[in-house]
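Since the structure comes first, as structure tokens, the remarks are kept for the end.
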Amino acid sequence: MQRSTGGNVNTDKINLSIDQVYDLSVDVLSRNGFSAPHTAAIAQTITAGQRDDCQSHGLYRLIVCVQTLQAGLVDPDALPLITHPAPAVVQVDAQRAYSLLAFQEGLPHLAEKAKRNGVAVLAINNCFHFSALWPEVEAIAEQGLAGIAMTPSHSWVAPAGGTRPVFGTNPIAFAWPRSAGNPYVFDFATSMVARGEIELHRRTGRPIPEGWAIDANGQPTTDAAAGLAGAMLTFGSYKGSALSTMIELLAGPLIGDWTSLQSQAFDAGAKGTPLHGELLIALDPDILGRGQRSINDAGAEAMLDAIAGQGARLPSERRYKARAKSAQEGVWVSRALYDEVRNLGA
Ligand code: NDP
Ligand code: PYC
């Protein structure tokens, strides 16, 4: 494949440096009316997704961001409102803007409260939410804390044993800080796959694997459009279904916010980004670990080594490799996607 340092053009792909991905995102978002703080927060996350080769949550997401703005759904400049209902709780009302600025502003409070109490919760409410969760749990791990994040979306996913959508694709992410190197991080949808991945299959005319979705008649399908019109399936049968139910409850009614069914009803066919809450939990190993951090860390490392030592890969390993490669070589983006994104709102 053609090697490039950024900005070079191939026949059907274009190579962009990470800075170019960020600048493109800023240009599209600001030109379409997002305020400077929201533009920066959204562009950072989209750039991180593209850089780490998370195609379903990279530049492609700009299309939905602009569509959601043009549909009059998301507020492009509302500022987050921060409250402190309890010593270990910070609540951020995003006021119907995207979630990312609310997270950025809530994070320092979450970290400070976790380091004081051993555990703390950040509840983000009233936010449009499109992003992958790993940047957020990674940011918690950078503070030396273990982190968990979860969020509903729109009701696209049928419960195990059913055929009608109830759940969102409901991602859950976890990060564990390690003394050397990158944190241990996983971040996945509780559906078989993120909806964005099926949308990318539809856009490029590729069939989806069996088991990802059923059609509107409840029959298994490998047709991406039919799967999007029918219902997606949870991973792990009833186990994924139960996990997804937990996410609906904890990142919905527990924090005074909507379920995926309520988000979908609000959307009323506009096909905008889901509107709901997000729950983040931070845990401090220094406070919870009985004063023996180095012993505990050694136990954790031995367990992680026992996974990697037998050739099994740790989640995020692919992503960290992609990050290093992108820093050296830039990222390759399909020409069609690049053109569509560049012309958004033009
Ligand atoms: P995957 O099914 O690819 O699962 C992703 C996770 O599993 C990553 O941590 C990945 O690590 C890890 N993983 C994948 N393959 C392996 C393997 N063979 N061995 C070990 N670990 C592995 O992604 P999903 O489609 O479920 O989710 C993709 C993204 O979509 C997530 O970031 C999620 O947050 C986001 N999303 C966001 C939603 C929202 O509402 N905001 C809704 C749904 C999803 P690696 O990255 O290194 O491959
Ligand atoms: O890909 O499932 C998804 C998704 C939903 C909201 C944001 N991403």
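We did not get these values from a lab; they are worked out from the coordinates using the rules stated. Every value quoted in this text rests on a predicted model; they were computed, and no experiment measured them. Cβ: placed from backbone, ideal geometry, glycine included. Neighbour counts: every protein chain shown.
Taking the range 45-67 on its own, how many of its residues are more than 11 Å from ligand 2 (Cβ to nearest atom) and of a type outside the set (Asp, Glu)?
Selection size over the range 45-67: 12.
Results for (1) within 19 Å of the chain's Cα centre (by Cα); (2) surrounded by 15 or more Cβ atoms within 10 Å (Cβ to Cβ), shown as yes or no for each residue.
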position: 271; (1), (2): yes, no
position: 280; (1), (2): yes, yes
position: 284; (1), (2): no, yes
position: 292; (1), (2): no, no
position: 298; (1), (2): no, no
position: 320; (1), (2): yes, yes
position: 326; (1), (2): no, yes
position: 335; (1), (2): no, no
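Going through the range 194-226 one residue at a time, which ones are under 24 Å from residue 62 (Cβ atoms) and β-branched (Val, Ile, Thr)?
Those that are under 24 Å from residue 62 (Cβ atoms) and β-branched (Val, Ile, Thr): 198, 204, 208.
Take the range 53-79 and flag every residue that is more than 18 Å from residue 341 (Cβ to Cβ), in contact (Cβ under 8 Å) with a residue 40 or more places away in the chain and either among the charged types (D, E, K, R) or touching an Asp or Glu at 6+ places or on another chain (Cβ under 7 Å) (or both).
77, the sole residue that qualifies.
Only one residue in 227, 168, 211 is under 30 Å from residue 320 (Cα atoms), touching a strand residue (DSSP E or B) at 6+ places or on another chain (Cβ under 7 Å) and buried (at least 23 other Cβ atoms within 10 Å of the Cβ), so which one is that?
168
Quick check: anything in the range 28-51 of a type in the set (Gly, Ala, Ser), more than 15 Å from residue 129 (Cα to Cα) and surrounded by 22 or more Cβ atoms within 10 Å (Cβ to Cβ)?
yes
All but one of (1) within 10 Å of ligand 2 (Cβ to nearest atom); (2) touching a Phe, Trp or Tyr at 6+ places or on another chain (Cβ under 9 Å) hold for residue 181; state the number of the condition that does not hold.
Result: residue 181 passes all but (1).
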